[in-house]
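Got a structure here, written out as structure tokens. Questions coming.
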């Protein structure tokens with residue numbers, strides 16, 4: 001989207017320095033992406049400590065394979081692809 005915005009020179013220079021951007025556009029995009037990322041993290045942080053029924057790593061490791069399969073969303077005998085992106 002093409003937009004015209006008046007940004008104070010010092011603020012833009014600081015953004016370019018902090019983001020190590022070579023252009024003004026790159027600095028603005030990086031700054032907006034970082035702001036969006038931080039806000040998304042803050043939203044997720046609201047839920048920290050809210051889950052009471054999650055298993056600990058020790059509990060998961062102590063389970064045998066049949067118990068573990070009962071926790072997976074796939075029924076027994078279903079092939080699961082192990083492709084990585």
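The values are calculated or read from the model by the stated rules, or taken from the named source; none is laboratory data. Bear in mind the structure is a predicted one, so any value in this text is a computation, not a measurement. Neighbour counts are summed over all protein chains in view; Cβ atoms, including those assigned to glycine, are modelled from backbone coordinates with ideal geometry.
Checking residue 51 against (1) surrounded by 10 or more Cβ atoms within 10 Å (Cβ to Cβ); (2) modelled with pLDDT under 80: exactly one of these is not met. Which one?
(1)
Within the stretch 1-62, which helices (runs of 4 or more DSSP H) (wholly inside it) include 1 or more residues that are touching a strand residue (DSSP E or B) at 6+ places or on another chain (Cβ under 9 Å)? Before the answer, list the steps.
Working: elements: 9-19, 24-45, 57-62.
In the stretch 1-62, there are no helices (runs of 4 or more DSSP H) which contain 1 or more residues that are touching a strand residue (DSSP E or B) at 6+ places or on another chain (Cβ under 9 Å).
Residue pairs, Cβ under 7 Å, 6 or more apart or interchain, first in the stretch 21-46 and closer than 18 Å to residue 8 by Cβ, second loosely packed, with under 10 Cβ neighbours inside 10 Å and at pLDDT 95 or above. List them.
Pairs that qualify, where the first residue is closer than 18 Å to residue 8 by Cβ and the partner is loosely packed, with under 10 Cβ neighbours inside 10 Å and at pLDDT 95 or above: there are none.
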